[in-house]
1. Which residue, of A:Gly70, A:Gly49, A:Gly149, A:Gly142, is buried (at least 22 other Cβ atoms within 10 Å of the Cβ), of a type in the set (Gly, Ala, Ser) and either touching a Cys at 6+ places or on another chain (Cβ under 8 Å) or farther than 25 Å from B:Pro135 by Cα (or both)?
2. Filter segment A:111-125 down to the residues that are in contact (Cβ under 8 Å) with a residue 60 or more places away in the chain and in contact with a Pro (Cβ under 7 Å, 6 or more places away or on another chain), then identify the one that is farthest from A:Gln8 (Cα to Cα).
3. Quick check, is B:Glu156 open to solvent by 20 Å² or more (accessible area, probe 1.4 Å), more than 11 Å from chain A (Cβ to nearest Cβ) and either in contact (Cβ under 8 Å) with a residue 12 or more places away in the chain or not basic (Lys, Arg) (or both)?
4. B:Arg164 versus (1) outside any helix (DSSP H, G or I); (2) within 23 Å of B:Gly128 (Cβ to Cβ); (3) within 14 Å of chain A (Cβ to nearest Cβ): which is the lone unmet condition?
5. Could you pull out the residue among A:Leu367, A:Leu340 that is more than 11 Å from A:Gly179 (Cβ to Cβ) and within 23 Å of the chain's Cα centre (by Cα)?
6. For the structure I just gave you, tell me whether B:Gly348 is under 13 Å from B:Ser175 (Cβ atoms) and either surrounded by fewer than 22 Cβ atoms within 10 Å (Cβ to Cβ) or assigned by TED's automatic domain parsing to the domain that holds B:Thr298 (or both).
7. Only one residue in A:Ala263, A:Ala267, A:Ala259, A:Ala346 is of a type in the set (A, V, I, L, M) and more than 14 Å from chain B (Cβ to nearest Cβ), so which one is that?
8. When segment A:96-124 is examined, which residues are found to be more than 7 Å from chain B (Cβ to nearest Cβ) and assigned to a loop (DSSP other than H, G, I, E, B)?
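The values are calculated or read from the model by the stated rules, or taken from the named source; none is laboratory data. What you are looking at is a predicted structure, and each value in this text was computed from that prediction instead of being measured. Heads up, the Cβs are rebuilt from the backbone with ideal geometry, glycines too, and the neighbour counts pull from every protein chain shown. Just so you know, the surface numbers come from the protein's heavy atoms only, side chains and all, with ligands and any DNA or RNA stripped out. Shrake-Rupley method; radii C 1.70, N 1.55, O 1.52, S 1.80 Å.
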There are 2 protein chains.
Amino acid sequence: MSDPRLSQRSASMRPSALREMLSSGDPPRLSLAGGLPPAEAFPFEALAGIAAELLGGHDVRSLQYTSAEGDPVLRAQVAALVSTVHRREVPPGRVVITTGSQQGIDLVGRVLLDPGDIAIVEDPTYVGALRALVPTGARIVGIACDGEGMRTEQLEAHLAAGMRPKLAYLCANFSNPSGATLSAARRVHLAELSSRYGFVVVEDDQYGRLRFRGQHLDPIASLADDVVYLSGFSKVVAPGLRVGYLVAPQWLVRPIVLAKQAADLAASSLGQRMVSRLLDRPDWWDEHLAALRDIYATRADALCAAIDDRLVGRLRVRPPEGGMFVWAEIVDPAVTATALIAASRARGLALVPGSEFSTTNTYDHALRLSYSTLTPAQLAEAVGLMADAFDSLTSSSR
Amino acid sequence: MSDPRLSQRSASMRPSALREMLSSGDPPRLSLAGGLPPAEAFPFEALAGIAAELLGGHDVRSLQYTSAEGDPVLRAQVAALVSTVHRREVPPGRVVITTGSQQGIDLVGRVLLDPGDIAIVEDPTYVGALRALVPTGARIVGIACDGEGMRTEQLEAHLAAGMRPKLAYLCANFSNPSGATLSAARRVHLAELSSRYGFVVVEDDQYGRLRFRGQHLDPIASLADDVVYLSGFSKVVAPGLRVGYLVAPQWLVRPIVLAKQAADLAASSLGQRMVSRLLDRPDWWDEHLAALRDIYATRADALCAAIDDRLVGRLRVRPPEGGMFVWAEIVDPAVTATALIAASRARGLALVPGSEFSTTNTYDHALRLSYSTLTPAQLAEAVGLMADAFDSLTSSSR
C-alpha cells in the first residue's frame, strides 16, 4: 500500500530489485550485476593536473554558478564533438549540459509527457529510463527487441493501428541491457516513422564511442530532425563528475532549459570545466578511448569465451560490439533466472534478472551480465560459479 | 501560446524575468539583481589541496558513481552538523545529499504534490521554489510576509477555513527575497500548525550559518517532526560543486531517494568528497565562516548606509541580520519598479523587480537588492545610479 500522504507520482516509483539485492546481506565476492565503468581506467592523473590548474589558478568559473544550459565553452566543444559523430552541423545553441545523462531522460519526460500520453521504449530497456518516465503518468509501451535492436516493424504496426506516442526512447548502440545494436535499416525506418507520425526519438548513446568491433553506424540523430540525443562523460571520463549532455531540436531547447533550472539550476561547474579542459587535448582522447576500448573488448571476449567453455547449451549470449553488457538467456525452461540468481548468490556471485529491465515483468529466463569491472580471471571465476549454480539446480530437480 | 507538442507541466514553466533581462542588451556595469555568493570568498587553496589529495591519491570514490542517498561518510558528517544546528539528534539515515539545494525542493515537490494539491509559500518567495513547485500542477497559495517573516496567523485562518495544504515552503532565516527572519513565536506557531493540520514544512535554510547580527533562532525542524530541512554548501563553500543536502522525516526518505535516482542517479562524487574533506577540518570552518560573515555584514551595512544617505524617503529597506538580500520598497506611488529598473539599466545598473518573486505578480513598487558580489565602493556607486534614476523619473513626471 502506498502512503496516502505521498503523491501519485511517488507511488509509481518502483524500487530497484538490483539495488535491494545489492544492499541486503553480505556483499557478494564477485558481481556481474552492476553497470559501473572500470575504475582502473579513470584518468586520475589528467584530472589531478587540470584540478590543480583550475583551482590553483583561482578559476572563478569552476566554483561559481553557471547557466542552466551549461558552460558556454563546453557547449561549443560538445557541439563540435557531436557534429563529428552525427556528420551534420550541430550548433552550440542546441546543446544542454546535464547532471549526468540520466537527467537528460528526466528533463525530456518533464517537457513532453502528460499523464495518459504514450512513451515507447525497447523491451527490455534501461531501468533508469523507466524510473524517469513512469512517474510522468505516461503509458509505457515496450517494443520487442532482437539481435538487431528494437523491432521497428512492430512499432510501425502500432502506429498504423492508430497509436500516437509522444516519444520513443532507445539505446541504439550496445543497448543497456540487451547489448544489441540497432541495424542501419532500422535506424532509417525509425527516423522515417518519427517524421511520418510526429514523435520525438530519444536516442541514448552512452557507449557509441566505445565500439570495439564492427562498423560505426550513423545515429538516428543524423537521419531525423526530432531527435533528442543523449550522451555524456560518465562512461568515457568518470561518472563522479556528473557531466552529461543532450542535443535537442531547437523548439525543445528552451523548455528543457527551463526544466533544468527548476531541477537543479545547473550542472557542476567544476565538473564542466574539468571536462572542458580535457576536450582541449585531442591527442589525450585518442589514447584514452583506445585504452578504454581495449579494456572493454578484452573483458567482453573473456566473458563470452568462459560462457562458451563452461555454459554452452545452458546460457545463450550474443557477443557485443561495444558497451558493457551482454544479455544472457537460460536455455533450460526448468531453470528460472530467480533460482539461478539465488544459487549464484549463495556462491558469492551477484547477478541481475532480466525482469528488472522489462516493461512487463517478463524475461524470467534472462539475465543482464556486465563485464566492465572484472578482470578476465575474475570473469572466468564468475562463470565457474554460475556453472556450479546450474549444476546444483539441475541435480536437485532430478 | 504554448506549443501543443509540449507537456502541460512544461507550459507552466515560466521564464525568469531576471534571466531574460540579464541576457539581453549589453551586460550592465553593476548589478544588484543576482544572487551569487562572492567569488573572492571561494576557498580555492583549500579545495586545490583536497583535489590534489583525492585525485593524486587515486581515490576511486571521487570518480565512481555513488549511491543516490549520497556518500556515506558525508551523510554522517552532515548528520552531525545538522544535529548541532537543530539541537536534536539527526541520524545519518535521514540525510540525503542533493545536486544543490534547488534539487531538494524539486524532489519534495515530486514526492508530495499531485495536480490540485495545495502548496503554501511565502509571498514574496524564492523564485526557484515556484519554478520547481508550479509544474507539479499544485495550487500555490502565497501567505503575506512582514518584517517577522510569514504571517502565520493568516495561514491559520486559511487552515481554520478548511484549506488542507500538503506542504508549506519557506526560508525562515534571511529569506530570499525578503531578507526577513521568521520570529521565534511564529516558528513555534508554524510547527504547531504543521502537527495539527498534517502538512510538511519545507524549511529552506541556505543562510542560517551566515547570520552576522542578532540571535540564532531554533529552526522549525527543531520544533516539529514533519519538516524537510534543506541546506547545502553553495553559500558556505561554492555553488559550482553542486552539493546540497536535505534532512527528511523517516517516512519521506525512501520516496525522496527513489525520486533522486530517477532525477540524476546521484550528486557529484567529486564534489561530495571535497566537501567531506573540508568537514574534517573544524578549525578551517570557524575561520572561513567568520570571514564570510564579515564580508556579508560589511556589504549589507554599506548598501543600507548608502540608501540612508542618498535615497532616504525614496526607498524603504530593513537592515538584514544575515544572508545576501534586502527587500526595498519604493515610497513614491508614482514611481513603479519597472520604470526605476529601466532608468537604472540605462545608467548601467541591473535591478530585479519584486514581482519576480510574487505568486500573484504584485509588488510593482518593490525590488530585491543583492549586496553580496559588490564592494562597499561599488554598492555606493550603484545607489548613486539609483538616485540618478529616481531624479530622472521625478523630473520627467513634473
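1. On the way: A:Gly70 fails: either touching a Cys at 6+ places or on another chain (Cβ under 8 Å) or farther than 25 Å from B:Pro135 by Cα (or both); A:Gly49 fails: buried (at least 22 other Cβ atoms within 10 Å of the Cβ); A:Gly142 fails: buried (at least 22 other Cβ atoms within 10 Å of the Cβ).
The unique qualifying residue is A:Gly149.
2. Filtering segment A:111-125 for residues in contact (Cβ under 8 Å) with a residue 60 or more places away in the chain gives A:111-112, A:120-121, A:123-125.
Cutting the leftovers down to in contact with a Pro (Cβ under 7 Å, 6 or more places away or on another chain) gives us A:111, A:120, A:124.
On the way: A:Val111: 18, A:Ile120: 21, A:Pro124: 25 Å.
Ranking the candidates gives A:Pro124 first.
3. Numbers: open to solvent by 20 Å² or more (accessible area, probe 1.4 Å): yes; more than 11 Å from chain A (Cβ to nearest Cβ): yes; either in contact (Cβ under 8 Å) with a residue 12 or more places away in the chain or not basic (Lys, Arg) (or both): yes.
Yes; evaluated as a whole, the condition is true for this residue.
4. Result: B:Arg164 passes all but (2).
5. Numbers: A:Leu340 fails: within 23 Å of the chain's Cα centre (by Cα).
A:Leu367 is the lone residue from the list that is more than 11 Å from A:Gly179 (Cβ to Cβ) and within 23 Å of the chain's Cα centre (by Cα).
6. Numbers: under 13 Å from B:Ser175 (Cβ atoms): no; either surrounded by fewer than 22 Cβ atoms within 10 Å (Cβ to Cβ) or assigned by TED's automatic domain parsing to the domain that holds B:Thr298 (or both): yes.
Taking the combined requirement at face value, the residue does not satisfy it.
7. Values: A:Ala263 fails: more than 14 Å from chain B (Cβ to nearest Cβ); A:Ala267 fails: more than 14 Å from chain B (Cβ to nearest Cβ); A:Ala259 fails: more than 14 Å from chain B (Cβ to nearest Cβ).
Result: A:Ala346 is the single residue among A:Ala263, A:Ala267, A:Ala259, A:Ala346 that is of a type in the set (A, V, I, L, M) and more than 14 Å from chain B (Cβ to nearest Cβ).
8. We begin by selecting, within segment A:96-124, every residue more than 7 Å from chain B (Cβ to nearest Cβ); these are A:96-98, A:101, A:104-105, A:107-109, A:115-124.
Hits for segment A:96-124 are A:Pro115, A:Gly116, A:Asp117, A:Pro124.
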